[in-house]
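Structure first, then comments.
All of the numbers you see were taken from the coordinates with simple rules; none came from a lab. None of the values given here were measured: they were computed from a predicted structure. With ideal geometry, Cβ positions are generated from the backbone for all residues, glycine too; neighbour counts draw on all protein chains shown.
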Amino acid sequence: MQRRLTFLLCVCGLLAASAALAANGLYKWVDEKGRVHYSDTPPAGKPAVKLKEKPQPSLDSKQTPQRSRSWQEQLQDSNERRFQEDKKQQEQQQKAQEATEKCQGARNALDSLKRERPLYRVGKEGERTFMEDDERRRLIDGWQKQADAHCK
């Protein structure tokens, strides 16, 4: 028991001494015989070098270890990714549907324009205005461009 107490006192004394040395600084000097000495005070009348303390590495944001995310955060991220993927897929399906509808409309218009029967428009007062061949060709070209763009 007394050995343990003595050991603990020695360890505490060493810790206190090292803390005092760190607080005051540490000096290195060489005596007449060429031996190197270290102490917390410089020797009287002899040149001594004050040793610099190595700075302790600071923990900045780059060195800070990232804490592991909780399962709730991981689940929330997973749900958000799934929601974004579903949203993107719905947008793609909607664009495909719109393209199909535009394709079908262009094909129907082309089918009507390419028939050999006369086409006309009804005016405000109910009069019929028949379509000329030039206008028909121009409309066919326009609808053909739309069909080419939307039908694949």
- Say each of residue 88 and residue 152 gets a label point 7 Å from the Cα, pointing the same way as Cα to Cβ; how far apart are those two points in nm? 1.7 nm
- Most positive-pole-ward Cα, 120, 142, 103, against dipole of the stretch 72-150 from beta carbon charges: 120
- Query: How far apart, in nm, are two points set 7 Å out from the Cα along the Cα-to-Cβ line at residue 52 and at residue 28?
  - Reply: 1.3 nm
- Message: As a footprinting exposure proxy, order 117, 35 by other Cβ within 10 Å, with the fewest listed first.
- Response: 117, 35
- Near residue 46, which lysines are there with a Cα under 23 Å away, not counting those fewer than 8 places off in the same chain? 28, 33
- Message: Per residue of the stretch 147-152, what does 6.51 cos²θ - 1.76 cosθ + 1.60 with θ = phi - 60° give for ³J(HN,Hα)? Whole Hz please, x for Gly and Pro, Karplus curve as stated.
- Response: 5, 5, 6, 9, 9, 9
